[in-house]
Amino acid sequence: MATTGVPGARAILGFDPSDPAFRADPYAEYRRTAEAGTLTRTEAGLWVTASYGLCESVLRDQRFGHRPDGSGAGWRRSAGARRSFLTMDPPDHTRLRRLVGRAFTPRLVERLRPRVEQVVHDLLADTADHSFDVIADLAHPLPVIIISELLGVPAEDRERFRGWSDALARGLDPDFLLPPDDLARRDEARAEFGVYFRELAARRRAEPRDDLLSALTASHDGEALTEAELLATCVLLLVAGHETTVNLIGNGALALLRHPEQLAWFRDHPGDTAVAIEELLRYDPPVQFTVRAALEDVVLAGTPIRAGELVLLLTGAANRDPAAFPERPDELDLGRYANAETARHLAFGLGIHYCLGAPLARLEGGVALRELFARDVVPADGGLDEPSYRDNIVLRGLAGLPLAIRA
């Protein structure tokens, strides 16, 4: 794997993401982190927390945010003009999110439901009586098709989207974990993406259509995205709109297949798909952690944090914190979110940076898993003990999941 043998990874993060045991079950390592203290510091000086309460607090606290240039003490080199509003603080974040939010609304997402259902039906139509791969044949193409159609990208260019998304998603990991080839692919993908969307955006400005890109290029109350902001937003929509859904479908399918009693519940409660999706997001979330910088001197959990210091928020661990989820936090319980008092999971973040694409990911993941398991699905290789995971660590997802659907 690309990250194997990275010098100092454990000293920086507090865990080794190249360890096969961590890939298979990061939550065991997270438990050890939680047992070491509510807020700990690694050898390299990175603050780390697995606490739901602290993660929630930091995500809501505007004294924590992102460095002005997008960098972070070796975490990632400066993103400069390529930054999206995901890594900005107010007031820039507020302005950009407002402009994008006007174009990417929950109402728009809900209007996509019939199309999402049709795409899932078409992708599963030819899978009866033979093996197929959930990731390659369902989880990957579904969000690529939908986000491409939303942005007005021609069907013949979808494969280019997938390649760009893979490279850009890998580039979300800390730079010190990435070999030079991956860093080069990330930069190359970003450059190719920029060239493509500059041309497409120019066409949409000249001849607007009923698509998301036309809405993003339009002016609202005299405000408009600059070209750099538009390109950064399109990159964000591609990666967030694609990779999160891929991992939700893959991780969710694996969890259901490993828990036959929960799979039976899922099949017996088709009207509760939305409830089940929330638990799948909590149990094995697509995004495992995020990082914030102290924008001023702060006292966190009784510990002084100096301005500029970074805090690693293990949101995947927080989703299993017994303090927030006292009932069997490490177990899958699809009915958990039928209880309105259940703590909100952090799979999509919290606060001003809450994932704008969360409604779309929920819709696509729910439809895909419901339709997949409406069929008689069995593991193609007879076992689910050692699935293959992608190298990414911020985004946790399977490289493949071979199954068969019996007629």
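Return the residues of region 284-298 that are outside any loop (DSSP other than H, G, I, E, B) and farther than 14 Å from THR245 by Cα; say none if nothing qualifies.
THR290, VAL291, ARG292, ALA293, ALA294, VAL298
Please find, among LEU281, LEU312, LEU248, LEU254, the residue that is touching a helix residue (DSSP H, G or I) at 6+ places or on another chain (Cβ under 9 Å) and assigned to a strand (DSSP E or B).
LEU312
In this structure, does GLY271 turn out to be surrounded by 14 or more Cβ atoms within 10 Å (Cβ to Cβ) and under 18 Å from VAL116 (Cα atoms)?
no
If we keep just the residues of region 148-206 that are touching a Phe, Trp or Tyr at 6+ places or on another chain (Cβ under 9 Å) and not in a helix (DSSP H, G or I), which is nearest to GLU364 (Cα to Cα)?
Among them, the one singled out is VAL153.
Do any residues in region 302-318 that are at negative phi and basic (Lys, Arg) have Cβ atoms under 9 Å from those of residues that are assigned to a strand (DSSP E or B) and surrounded by fewer than 21 Cβ atoms within 10 Å (Cβ to Cβ), where the two are at least six apart or on different chains, and which pairs are they?
ARG306/VAL298
Considering every residue within region 362-374, establish whether at least one is at pLDDT 90 or above, farther than 17 Å from LEU281 by Cβ, surrounded by fewer than 21 Cβ atoms within 10 Å (Cβ to Cβ) and hydrophobic (A, V, I, L, M, F, W, C).
Yes, because at least one residue in region 362-374 is at pLDDT 90 or above, farther than 17 Å from LEU281 by Cβ, surrounded by fewer than 21 Cβ atoms within 10 Å (Cβ to Cβ) and hydrophobic (A, V, I, L, M, F, W, C).
Out of LEU314, LEU346, I need the residue that is more than 26 Å from GLY271 (Cα to Cα) and crowded, with 20+ Cβ neighbours inside 10 Å. Which one?
Step by step, each of LEU314, LEU346 is checked, and only LEU314 is more than 26 Å from GLY271 (Cα to Cα) and crowded, with 20+ Cβ neighbours inside 10 Å.
Being acidic (Asp, Glu), surrounded by fewer than 21 Cβ atoms within 10 Å (Cβ to Cβ) and farther than 24 Å from THR94 by Cα is true for just one of GLU188, GLU223. Which residue is that?
Just a single option satisfies the conditions, and that option is GLU188.
Going by what's in this entry, would SER51 be described as at pLDDT 95 or above and either of a type outside the set (Lys, Arg) or under 21 Å from the mean Cα position of the chain (by Cα) (or both)?
When the stated conditions are applied, SER51 passes them.
Among the numbered conditions (1) closer than 27 Å to THR226 by Cα; (2) in contact with a Ser or Thr (Cβ under 9 Å, 6 or more places away or on another chain); (3) in contact (Cβ under 8 Å) with a residue 60 or more places away in the chain; (4) not acidic (Asp, Glu), tell me where ARG170 comes up short.
(2)
Would you point out which residue out of LEU332, LEU369 is touching a residue at least 40 places away in the same chain (Cβ under 8 Å), in a loop (DSSP other than H, G, I, E, B), among the aliphatic types (A, V, I, L, M) and touching a helix residue (DSSP H, G or I) at 6+ places or on another chain (Cβ under 9 Å)?
Of the residues listed, the single one that is touching a residue at least 40 places away in the same chain (Cβ under 8 Å), in a loop (DSSP other than H, G, I, E, B), among the aliphatic types (A, V, I, L, M) and touching a helix residue (DSSP H, G or I) at 6+ places or on another chain (Cβ under 9 Å) is LEU332.
Just to be sure before I move on: is THR87 surrounded by fewer than 18 Cβ atoms within 10 Å (Cβ to Cβ) and either modelled with pLDDT under 90 or within 21 Å of the chain's Cα centre (by Cα) (or both) in the structure I sent?
Against the criterion (surrounded by fewer than 18 Cβ atoms within 10 Å (Cβ to Cβ) and either modelled with pLDDT under 90 or within 21 Å of the chain's Cα centre (by Cα) (or both)), THR87 does not qualify.
Against the condition within 18 Å of the chain's Cα centre (by Cα), surrounded by 15 or more Cβ atoms within 10 Å (Cβ to Cβ) and touching a residue at least 12 places away in the same chain (Cβ under 8 Å), how does SER165 come out, does it pass?
yes
Given the criterion on the phi > 0 side of the Ramachandran plot and acidic (Asp, Glu), identify the matching residue among ASP221, ASP321, ASP272, ASP297.
The unique qualifying residue is ASP221.
The values are calculated or read from the model by the stated rules, or taken from the named source; none is laboratory data. Here the structure is a predicted model, which means the values were calculated and not measured. As a convention, Cβ positions derive from the backbone with ideal geometry for all residues, glycine included, and neighbour counts pool all protein chains shown.
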